[in-house]
Amino acid sequence: MKKRTAGNVHTAFVEEAKAHQRLLLYAKKAEEEGLPQIAHLFRAVAAAEGIHSRRHFTLLEAVADTQTNLEHAFQSETTVNKVHYPKMIKEAEEDGEETAATIFSQARDVESFHANLYKHALNHLIAQRSTEYYVCSVCGYVADGKPPETCPVCGTSKDRFQKVE
């Protein structure tokens, strides 16, 4: 793919992925306000935006075999954890943006747990061990097996974890 088109595909992917998430948040708010039909509309359009983002993504990156995908996911989490988030944290602190620095710090910490989950999965790929996963709805920490009493990253309680189906 030529550089200009690749840049446009990347921009389209980012914008569609953002729209998908934005619309899901809008749907949640509409539900809270007692507007279920509007929430339903937001979720429907979010689903379409998700399709768009996935189509753009497949133009940018190949989805390979599971072992390769796990290796790529591990490497990506490690890079974000060790390179990108430290820079973002430093800059947010320099700008006096403590809330952003806290969110970046928690995301950085969660990314290291994600990398460990991927590494563990790579080591046990053949065994195909069955487990349950629970995600902290505050910071995104993923618990393997059962949710902890408190999140090791943000300290929220066990009841804020959602089981991944």
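The values are calculated or read from the model by the stated rules, or taken from the named source; none is laboratory data. Because the structure is predicted, anything quoted here is derived from the model rather than measured. We place every Cβ from the backbone using ideal geometry, glycine too, and count neighbours over all the protein chains shown.
Return yes when Ile38 is within 17 Å of the chain's Cα centre (by Cα), within 17 Å of Arg22 (Cα to Cα) and surrounded by fewer than 16 Cβ atoms within 10 Å (Cβ to Cβ) and no when it is not. Reasoning before the result, please.
On the way: within 17 Å of the chain's Cα centre (by Cα): no; within 17 Å of Arg22 (Cα to Cα): yes; surrounded by fewer than 16 Cβ atoms within 10 Å (Cβ to Cβ): yes.
So Ile38 fails the test.
Is it true that Ala17 is under 28 Å from His114 (Cβ atoms) and modelled with pLDDT of 95 or more? If you could, list the steps in order and put the result at the bottom.
On the way: under 28 Å from His114 (Cβ atoms): yes; modelled with pLDDT of 95 or more: yes.
Judged against the criteria, Ala17 is a match.
If you go through the range 125-135 one residue at a time, do you hit one that is surrounded by 15 or more Cβ atoms within 10 Å (Cβ to Cβ), touching a Leu at 6+ places or on another chain (Cβ under 6 Å) and not assigned by TED's automatic domain parsing to the domain that holds Tyr26? First the steps, then the outcome.
Initially, the range 125-135 is screened for residues surrounded by 15 or more Cβ atoms within 10 Å (Cβ to Cβ), giving 133-135.
Then keep just the ones that are touching a Leu at 6+ places or on another chain (Cβ under 6 Å); that gives none.
No; the residues of the range 125-135 include none that is surrounded by 15 or more Cβ atoms within 10 Å (Cβ to Cβ), touching a Leu at 6+ places or on another chain (Cβ under 6 Å) and not assigned by TED's automatic domain parsing to the domain that holds Tyr26.
Suppose we keep only residues that are among the β-branched types (Val, Ile, Thr) and touching a Gly at 6+ places or on another chain (Cβ under 9 Å) within the range 83-132. Which one would you say is farthest from Gly145 (Cα to Cα)? Let's see the steps before the verdict.
Taking the range 83-132 and keeping what is among the β-branched types (Val, Ile, Thr), we get 83, 89, 99, 102-103, 110, 126, 131.
Imposing the further condition that a residue be touching a Gly at 6+ places or on another chain (Cβ under 9 Å) reduces the set to 110, 131.
Numbers: Val110: 17, Thr131: 6 Å.
The qualifying residue farthest from Gly145 (Cα to Cα) is Val110.
Is there any pair with a first residue in the range 50-62 that is without any contact (Cβ under 8 Å) to a residue 40 or more places away in the chain and a second that is surrounded by 14 or more Cβ atoms within 10 Å (Cβ to Cβ) and assigned to a helix (DSSP H, G or I) whose Cβ atoms are under 7 Å apart and which are 6 or more apart or on different chains, and what are they?
Gly50/His20
Scanning the range 122-145 for residues that are of a type in the set (Ser, Thr, Tyr) and touching a strand residue (DSSP E or B) at 6+ places or on another chain (Cβ under 6 Å), which turns out modelled with the lowest pLDDT?
First pass over the range 122-145, keeping only residues of a type in the set (Ser, Thr, Tyr): 130-131, 133-134, 137, 141.
Filter again for touching a strand residue (DSSP E or B) at 6+ places or on another chain (Cβ under 6 Å), leaving 131, 133-134, 137.
On the way: Thr131: 79, Tyr133: 90, Tyr134: 94, Ser137: 93.
In this case the residue turns out to be Thr131.
From the list Thr78, Thr5, Thr58, Thr11, which residue is part of a helix (DSSP H, G or I), within 21 Å of Leu122 (Cβ to Cβ) and of a type in the set (S, T, N, Q)? Step through it out loud before you land on a result.
Values: Thr5 fails: within 21 Å of Leu122 (Cβ to Cβ); Thr58 fails: within 21 Å of Leu122 (Cβ to Cβ); Thr11 fails: within 21 Å of Leu122 (Cβ to Cβ).
Among Thr78, Thr5, Thr58, Thr11, only Thr78 is part of a helix (DSSP H, G or I), within 21 Å of Leu122 (Cβ to Cβ) and of a type in the set (S, T, N, Q).
Would you be able to tell me the number of residues in the range 137-152 that are surrounded by 12 or more Cβ atoms within 10 Å (Cβ to Cβ), within 22 Å of Leu70 (Cβ to Cβ) and not charged (D, E, K, R)?
Of the residues in the range 137-152, 4 are surrounded by 12 or more Cβ atoms within 10 Å (Cβ to Cβ), within 22 Å of Leu70 (Cβ to Cβ) and not charged (D, E, K, R).
Given Lys82, Lys2, which one is under 26 Å from Arg108 (Cβ atoms) and surrounded by fewer than 16 Cβ atoms within 10 Å (Cβ to Cβ)?
Values: Lys2 fails: under 26 Å from Arg108 (Cβ atoms).
After ruling out the rest, the residue left standing is Lys82.
Considering every residue within the range 98-112, establish whether at least one is over 24 Å from Thr11 (Cα atoms), at pLDDT 95 or above, exposed (fewer than 14 other Cβ atoms within 10 Å of the Cβ) and outside the structural domain of His10 (by TED's automatic domain parsing).
yes
Considering each of Val63, Val45 in turn, give the residue that is in contact with a helix residue (DSSP H, G or I) (Cβ under 9 Å, 6 or more places away or on another chain) and surrounded by fewer than 13 Cβ atoms within 10 Å (Cβ to Cβ).
Only one candidate passes the filter, namely Val63.
Look through Glu111, Glu93 and report the one residue that is among the acidic types (Asp, Glu), part of a helix (DSSP H, G or I) and within 15 Å of the chain's Cα centre (by Cα).
Details: Glu93 fails: within 15 Å of the chain's Cα centre (by Cα).
That would be Glu111, the only listed residue that is among the acidic types (Asp, Glu), part of a helix (DSSP H, G or I) and within 15 Å of the chain's Cα centre (by Cα).
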